Amino acid sequence: MTQPLIQATGRRKSSVARVRFVEGTGAFVINGDRSLDDYFPQAYRRRVQEPFEVVDYVGRYDVHATLHGGGLTGQSDALRLGIARALVGIDAELRPTLKKAGMLRRDDRKVERKKYGLRKARRAPQFTKR
């Protein structure tokens, strides 16, 4: 791999995505050896590529990403945020466009922990009269 142009990090739920951009043709390399088509199903692929489509930068950079933690939803949203942050790092003029599209906001929602005495985080045991 050649020297990266920019590096950025995206997070969502318990997932972390470290993203590096390299001049190229728009290829994705995830965790060293897998392509975007191989890693994510179709709906997630569209969500990951959204920042490029919003600013019309499709096919300009190769994306090398390291993903870990969580599941497909968390990882795809973390990768999306990392890509958006990297695009702003390359060209600060893109910030208003990406911000308006909601790409630069980190979704901080996480799974609420289960509490003692409850069946789930908030679900109480069923009441029995007798």
Whole percent per 10 Å bin, from 0 to the bin with the longest distance: what is P(r) over all C-alpha pairs of the range 52-125?
16, 37, 24, 12, 10, 1
Taking only the alpha-carbon positions of the range 6-100 and ignoring solvent, what does the Debye formula give for the base-10 log of I(q)/I(0) at q = 0.17, 0.20, 0.21, 0.25 Å⁻¹?
-0.64, -0.91, -1.01, -1.45
Part-to-part distance (alpha-carbon centres) for the range 62-114 and the range 28-59, which is given in Å:
12
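For Arg60 and Lys120, FRET efficiency with R0 = 35 Å and r from the beta-carbon atoms, rounded to 0.05?
Values: r = 45 Å, r/R0 = 1.30.
The value I calculate is 0.15.
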Output ordering of 20-27, 6-13 (per-residue mean of other Cβ within 10 Å, highest first) is 6-13, 20-27
Per residue of the range 114-125, what does 6.51 cos²θ - 1.76 cosθ + 1.60 with θ = phi - 60° give for ³J(HN,Hα)? Whole Hz please, x for Gly and Pro, Karplus curve as stated.
6, 9, 4, x, 10, 6, 10, 4, 10, 6, 7, x
Can you give the calculated 222 nm mean residue ellipticity of the chain, where each DSSP H run of n ≥ 4 adds -39,500 (n - 2.57) and the sum is split over every residue, rounded to the nearest 500 deg cm²/dmol?
-10000 deg cm²/dmol
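Bear in mind that the values in this text are calculations on the coordinates, not laboratory data. As the structure is a computational prediction, the values presented were derived from the model and not from experiment. Neighbour counts are summed over all protein chains in view; Cβ atoms, including those assigned to glycine, are modelled from backbone coordinates with ideal geometry.
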